[in-house]
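Notes follow once the structure below has been shown.
The values are calculated or read from the model by the stated rules, or taken from the named source; none is laboratory data. None of these values were measured; they are calculated from a predicted model. All Cβ positions, even for glycine, are placed from backbone atoms using ideal geometry, and neighbour counts span all protein chains on display.
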Amino acid sequence: MLQYVIAGLALGGIYAIASAGLVITYVSSGILNFAFGALAYFVARFYYFLHTQHGWGILPSAVVAIGLCAPAIGIVLYGILFRFMRLSSPLIKVVATVGLLVAVPSLATLIFGNQAIQAAPGLAPEPVRVFHVIGVPVTLDQVIVYCCVVATVIIGAAVLRYTDVGLKVRAMVDSPAMTGLSGTNPGAVSVGVWAVSIFFAGLAGVLAAPTIGLDPINFTILVAAAFAAVIAAKLRSLPIAVSVGLLMGIVTSLIQRYLPSDSNWTTEIVDAIPFMVIAVVLLYNLVRRGSFGDAERVGGPLDRAIVPQGESRLAGSTASALDAGSIGLLGRYAGPALLMVVATVLPLIVQGFWVGLFAQAFAYGIIFLSWTLVVGEGGMLWLCQITFAGVGALTASQLAVNHGWPVLAAIVVGGLVALPMGLIVGFLSIRLGDLYVALVTLTFGLLMENLVFTQNIFVNQGLGVNMNRPTFAGSDLAFTYLSLAAFAVVALFIVNLRRSTTGLALNAVRWSEPAAKTTGISVVQMKVLVAGLAALVAGIGGGFLAAAQTSAQPGNFATFAGIVWLAVLVTVGVRSNVAALVAGIAFVMMPSLAQAYLPTWTANIPPVLFGLGAIGVAKFPDGTLAQQGQAFRRFLQSRIDRRPAPLAVAMAGDGPTGTIPTGPSTPPAPPSPRVTQDVSP
């Protein structure tokens, strides 16, 4: 058993270091950095680039990668992004860090190459020295992890509790403005915090690389597991986060001892342990306290009074709503109608392989509409819509292939199977703050991915389950238009929902839950309703996607792939129906066009662009398409304003027929001096 405990301490130590970096960032800035794993991967990849590919020694490689590069990344990110987000809503913060999560790994591939690296060195010289403690082998890599954890706990706790620097960091949590009045520069403190946080990310990345390899997905999963320790610490307590991280590593190792090593369930359960911890902690706090707030209101009243706040939610700006309402039906629907016409014509222009890609693009558009519902209309950031799409796809394939159901009926039933799951997740997350909603839905997706989607009935030895198309839409072109028709039906449903009484109630809940409650609106009912509808739409979209790809592959519905989908949609616009269609086309076509007509290395450019677009939500919450739509509406409004109305023309005419007396006459003003302006270029 001692051997498993020692091995577990090494894994727990990595969890502890990662959780320390996450907690330090959150307590000082209110931002839970979802990109922590991607940044850890970037630094670890840079360390490998220096040490292995260019032959640098361990010490200079570590100093440059961990000691210099990682803090520099933190400083740059603070300067260009995070300093503008302190008082933004949790939705904006999460989406911006999700954009980093998407962009950074592809950026690393562009810089360092796409070489597959299965084994990477740590901070110990190779061959790694092995010690024996009470008969148990301990590697030097593990010893280094233990030393780093001890240093993190002792130095971190001492600095935060007993030094002036720690006092300033803790003061930043309450009010940066008041901290500034005391003579401290809040910006300098924040720069230091972000530098230290990304230093911890780089350290955790280099320490974890010998165990998990240099795969960005593995790093992201590792940090997602560290979220369990952060949540147990209520996002604030560094000692609790480190302790839970160590304990979680030990439990994970001990379970491997007592479960059969030749069972697939063992691997699945071990991978799911951190996410089980998250679920247990959240449920415990919900049952015990009735709520689990996330201290969203970072900063005091003075901060909010002096810092200009723009749009704080991914919910469409008031200005855009006024623009749309002031120019009538033509200005409101001309752009979406034009884009729908273009989407209808494009499959007729292309041939062969590209027609099938449009079928997939329209299916993605249906799935993206589920985010339009739950995020755009419901104001809740859900990270598991891809899971509901997977449920719909796998259910539809089983019914159509193994039970002989008609394909369209199987797709609809797949959505209906996802619906109660969405209702349950929605009900459980009602009393959580926005940040915890994102974590709960991420946890649900990872649990489904590890415990359900890995079953052989769905995996089928890695082949998936074949998915036929309806007989009347067997060709690529016919199924493409069937998918577009399904998208149009769902989009029209959302339009009618917005215009209904239920839609107005959802709008009120999205903007202010307390105000909505005072008018008699049930916040719980509205949120559960939109959650169920979003799961239904995602399940139907997943069925169409499986039919477009002619197979239902569980691997196509990995939770972190869904984060890329969300980044694409947020880049275009999360509240616009037609934006979901454009996002689906962009997500499918941009990588395919890059692969077909551009050099191989350009395949990583689209994810970088999608990630940067999601980061841009910090400044433009409506998305790029919505921004262009607002500009188009303003253009139409300006044209309408320049056209005189008939009554105005009549009133402006000369003579008795052109004048309507409205009151006592006023003597005309004396003529003003004529002024000649030079209009020559």
Restricting to the stretch 587-605, what's the tally of residues that are closer than 23 Å to residue 340 by Cα and either buried (at least 21 other Cβ atoms within 10 Å of the Cβ) or of a type in the set (Ser, Thr, Tyr) (or both)?
3
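How many of the residues making up the stretch 236-285 are outside any helix (DSSP H, G or I), free of Cβ contacts under 8 Å to residues at least 24 places away in the same chain and either touching a Cys at 6+ places or on another chain (Cβ under 7 Å) or of a type outside the set (Ser, Thr, Tyr) (or both)?
Result for the stretch 236-285: 3.
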For the stretch 495-506, give me each residue that is surrounded by fewer than 19 Cβ atoms within 10 Å (Cβ to Cβ) and assigned to a helix (DSSP H, G or I).
495, 496, 497, 498, 499, 501, 502, 503, 504
I'd like to know if the stretch 362-371 contains one or more residues that are of a type in the set (Gly, Ala, Ser), modelled with pLDDT of 90 or more and closer than 13 Å to residue 483 by Cβ.
yes
Lone qualifier among 394, 432 - being in contact with a strand residue (DSSP E or B) (Cβ under 7 Å, 6 or more places away or on another chain) and under 17 Å from residue 551 (Cβ atoms)
394
If you go through 401, 425, the only one that is out of contact with any Phe, Trp or Tyr (no Cβ under 8 Å at 6 or more places or on another chain) and touching a residue at least 60 places away in the same chain (Cβ under 8 Å) is 401
Any residue in the stretch 554-564 that is at pLDDT 90 or above, surrounded by 17 or more Cβ atoms within 10 Å (Cβ to Cβ), more than 19 Å from residue 585 (Cβ to Cβ) and over 21 Å from the mean Cα position of the chain (by Cα)?
no
Cβ-Cβ distance below 8 Å, separation of 6 or more or different chains: which pairs start in the stretch 430-450 with a residue that is closer than 23 Å to residue 506 by Cα and end on one that is assigned to a helix (DSSP H, G or I) and of a type in the set (Ser, Thr, Tyr)?
436/429; 437/429; 440/429; 441/429
Looking at the structure I just gave you, is residue 13 more than 30 Å from residue 379 (Cα to Cα) and in contact with a helix residue (DSSP H, G or I) (Cβ under 9 Å, 6 or more places away or on another chain)?
yes
Any residue that is basic (Lys, Arg), on the phi < 0 side of the Ramachandran plot and more than 21 Å from the chain's Cα centre (by Cα) - is there at least one of those in the stretch 504-520?
yes
Within the stretch 244-275, restricting attention to residues that are more than 17 Å from residue 231 (Cβ to Cβ) and among the aromatic types (Phe, Trp, Tyr), which residue is modelled with the lowest pLDDT?
265
